[in-house]
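One structure is given here, and the rest of the page talks about it.
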Amino acid sequence: MRILWAPWRIKYILSPKKRKCFLCEAAKSNNDEENLVVFRGYTCFVILNKYPYNNGHLMIATYRHIGDLAELNIAELFELNFLAQLAIKALRRTMKPDGFNIGLNLGKVAGAGVKDHIHVHVVPRWEGDTNFMPVLAETKVIPEALNSTYKKLKKEFTNLSSEFEKVKSIIERLS
């Protein structure tokens, strides 16, 4: 069995949790930069992870506070996947990763940090992005500040917004 060690995540795990859902709060807020929201769709939005596994770690979440993939309506299901595709394009253009980890954690036992609000993780990966620092020093090196990553990705999502406009009417019809 292989084990994925992520000791830098302990800061998030041990930090006091707000009673409110941070994804719902970000969705309702008008301050996208403060909340790290890089794109807003019709039923879903894209947000940078404040405690990333790697630079550019994005999450695609529904506006609706729902935790079960089986309960998504067809519009949410379609848009969640479409925005994952846009996220890959934006990350490829701005950060040039060698690959991606993409996934859902449904339920607390599955590792969901936010178990009641569904979100897809899109984590860019680079050859050699895991080195001796997390293994020996229990320290993850995130080489770029979140606000710098935010600005690059926000700009790229703006450039890709015409692709979203092509499917927006489909999403509206599915709703």
Item to check | Count of the range 13-68 residues which are in a helix (DSSP H, G or I) and either at pLDDT 90 or above or closer than 17 Å to Y150 by Cβ (or both) | outcome: 11
Checklist entry - Is one or more of the residues making up the range 125-135 in contact with a strand residue (DSSP E or B) (Cβ under 9 Å, 6 or more places away or on another chain), at pLDDT 90 or above and open to solvent by 30 Å² or more (accessible area, probe 1.4 Å)? => result yes
Checklist entry - Hey, I10 hits all of (1) outside any helix (DSSP H, G or I); (2) more than 21 Å from N159 (Cα to Cα) but one; which does it fall short on? => result (1)
Checklist outcome for this item: Checked L77, L69, L48, L104 against criteria (aliphatic (A, V, I, L, M), open to solvent by 50 Å² or more (accessible area, probe 1.4 Å) and more than 22 Å from E172 (Cα to Cα)); the one match is L104
Checklist entry - Can you spot a residue in the range 86-93 that is basic (K, R), in contact with an Asp or Glu (Cβ under 7 Å, 6 or more places away or on another chain), surrounded by fewer than 18 Cβ atoms within 10 Å (Cβ to Cβ) and in contact (Cβ under 8 Å) with a residue 12 or more places away in the chain? => result yes
Item to check | Where a residue in the range 33-56 is touching a residue at least 40 places away in the same chain (Cβ under 8 Å) and at positive phi and its partner, wherever it lies, is in a loop (DSSP other than H, G, I, E, B) and open to solvent by 20 Å² or more (accessible area, probe 1.4 Å), with Cβ under 7 Å and at least six apart | outcome: L36/K50
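The values are calculated or read from the model by the stated rules, or taken from the named source; none is laboratory data. Worth saying up front: this structure is predicted, and the values here are computed from it rather than measured. Using ideal geometry, Cβ is built from the backbone for each residue, glycine included, and neighbour counts are taken over all protein chains shown. Calculation scope for accessible area: heavy atoms of the full protein, side chains included, ligands and nucleic acids excluded. Shrake-Rupley method; radii C 1.70, N 1.55, O 1.52, S 1.80 Å.
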